[in-house]
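Down below is the structure, laid out as structure tokens.
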Amino acid sequence: MPDLSPLEAVTDRAVVGRRSSPLEHVYLDYHASTPCDSRVVEAMLPFFLETFANPSSSVHTQGRRAAEAVEQARARVALAIGAAAGEIVFTSGATESNNLAIHGAARAASGGRKKLLATSVEHKCVLSTCKWLATQGYEFAAIPVTGDGAVDLAALVDLVDDRTILVSVQAANNEVGTIQPIAEVAQIVHRAGALLHSDAAQALGRIPMDVDLSGVDLLSLSAHKCYGPKGVGALYVSGGVRKAPLEPLLYGGGQEGGLRPGTLNVPGIVGFGRACEIAAEEGPIESRRVGRLRDWLESLVLEAVEDVHRNGALSRRLPGNSSLRFDGVEADALIANLPDIALSTGSACSSGAIEPSHVLTAMGLSREQSYGTVRLGIGRFTMEDELEYAAHRICDAVTKIRSTGTGVT
Ligand SMILES: *Cc1c(COP(=O)(O)O)cnc(C)c1O
């Protein structure tokens, strides 16, 4: 059993009462999505049935109430990352925030700046956006990473120049959990007069985030990665919407300072705000609990089977992330043997695809090594007994596959 402090043990017990899944379904895919916290759902409910008015309808009380709730949520999201409320633009999620940041900055760029840079381990929505823009008169270059998935700072120094519009470096990786040195990246990027964008979908609520300390200009967030609802997120725009060199992707009624028009998703935004409030209060203690559970899970697996390796930066990775590589075992076969455990090969967005994960490939792993990798994601509602069970089932399946070839029953 992992060592828990008394306070963490209390949190542990509080969580036991809220466990939503029976032991025969163990959810270990917290990087793909998280369950909505029941406190978040509670906060959202009045905004479907009672305070449903359009927050832009400021002429009546109901509209003003909805607008007040949106502004309270904005302040809570801002507080979670050390921003001012006026620097938060609500969107439909991190995919849209990433598109708005990159497209928006590219379209607004002037002074002969044409170049976009992003690390080779970014989420597909960042890389696809940059690659499409490269077909539209912009230039794109991928910044390489080291073997543990960290951005190669020397390569960044070589690539960034006075023609660079924006550099995109994620706060933490969604496959191997590697945390990037954003503050160091910001210094390099700003010396060249370029903007720094960071996709923090995985980081919010898991590691400390402060836009002033890190020096980012644009930061993408997603509610459903931090126990909020799906379909809502935010883009932090340094200095607020007036100062931002961004063009909108959508044109309409002028909401969100004109950067993201359309009637606001009030229940979703309220839920996102509540999720950020909980993350700010409980994030540090939760991360310690989750990190210890992760270390314990890894020790169970490493003790029980041979030839297993951990991908990523072991000393700088998300507390709930474990990317495990089993020699001679295909992750697909492993997952087929574990229908009662939700885990993933590579990233959810590319699973089903035949190519190995672009993240693992960029880190220098061979095809075989990529195919032998499974991603385990631990989070707020993960219990010790679930991990004990999952570790046991995974190790059994690995042993079976190694002895029979596929092991699929
Ligand atoms: C999940 C995720 C996204 C996409 O977020 P959505 O809100 O689902 O659009 C983008 N980047 C990273 C790193 C993610 O983990």
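Descriptive notes on the structure:
Here is a yes/no grid of residues against (1) surrounded by fewer than 18 Cβ atoms within 10 Å (Cβ to Cβ); (2) within 18 Å of the chain's Cα centre (by Cα); (3) among the hydroxyl-bearing types (Ser, Thr, Tyr):
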position	(1), (2), (3)
Thr129	no, yes, yes
Ala134	yes, no, no
Glu139	yes, no, no
Thr146	yes, no, yes
Ala150	no, yes, no
Val169	no, yes, no
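- Extreme residue, farthest from the ligand (Cβ to nearest atom), among residues of the stretch 188-228 that are part of a helix (DSSP H, G or I) and within 18 Å of Gly273 (Cβ to Cβ): Val211
- Looking across the stretch 368-391, the residues that are touching a helix residue (DSSP H, G or I) at 6+ places or on another chain (Cβ under 8 Å) and either outside any loop (DSSP other than H, G, I, E, B) or not assigned by TED's automatic domain parsing to the domain that holds Leu324 (or both) come down to Gln369, Ser370, Tyr371, Thr373, Val374, Leu376, Glu384, Leu387, Glu388, Ala390, Ala391.
- Take the conditions (1) without any contact (Cβ under 8 Å) to a residue 12 or more places away in the chain; (2) closer than 15 Å to Cys226 by Cβ; Glu68 misses just one of them, which is (2).
- Qualifying residue in the stretch 181-197 (condition: of a type in the set (Val, Ile, Thr) and in contact (Cβ under 8 Å) with a residue 60 or more places away in the chain): no
- Unmet requirement for Ala348, which otherwise passes all of (1) at pLDDT below 95; (2) surrounded by fewer than 22 Cβ atoms within 10 Å (Cβ to Cβ); (3) farther than 21 Å from Gln180 by Cβ: (3)
- Selected residue [surrounded by 20 or more Cβ atoms within 10 Å (Cβ to Cβ) and more than 25 Å from the chain's Cα centre (by Cα)] from Val329, Val290: Val329
- Count - residues of the stretch 257-279 that are assigned to a helix (DSSP H, G or I) and modelled with pLDDT of 95 or more: 14
- Within the stretch 155-176, if we keep just the residues that are among the acidic types (Asp, Glu) and within 19 Å of Ala109 (Cβ to Cβ), the residue that is farthest from the ligand (Cβ to nearest atom) turns out to be Asp162.
The values are calculated or read from the model by the stated rules, or taken from the named source; none is laboratory data. Keep in mind it's a predicted model, so treat the numbers as computed, not measured. Neighbour counts run over all protein chains shown; Cβ positions are idealised from the backbone, glycine included.
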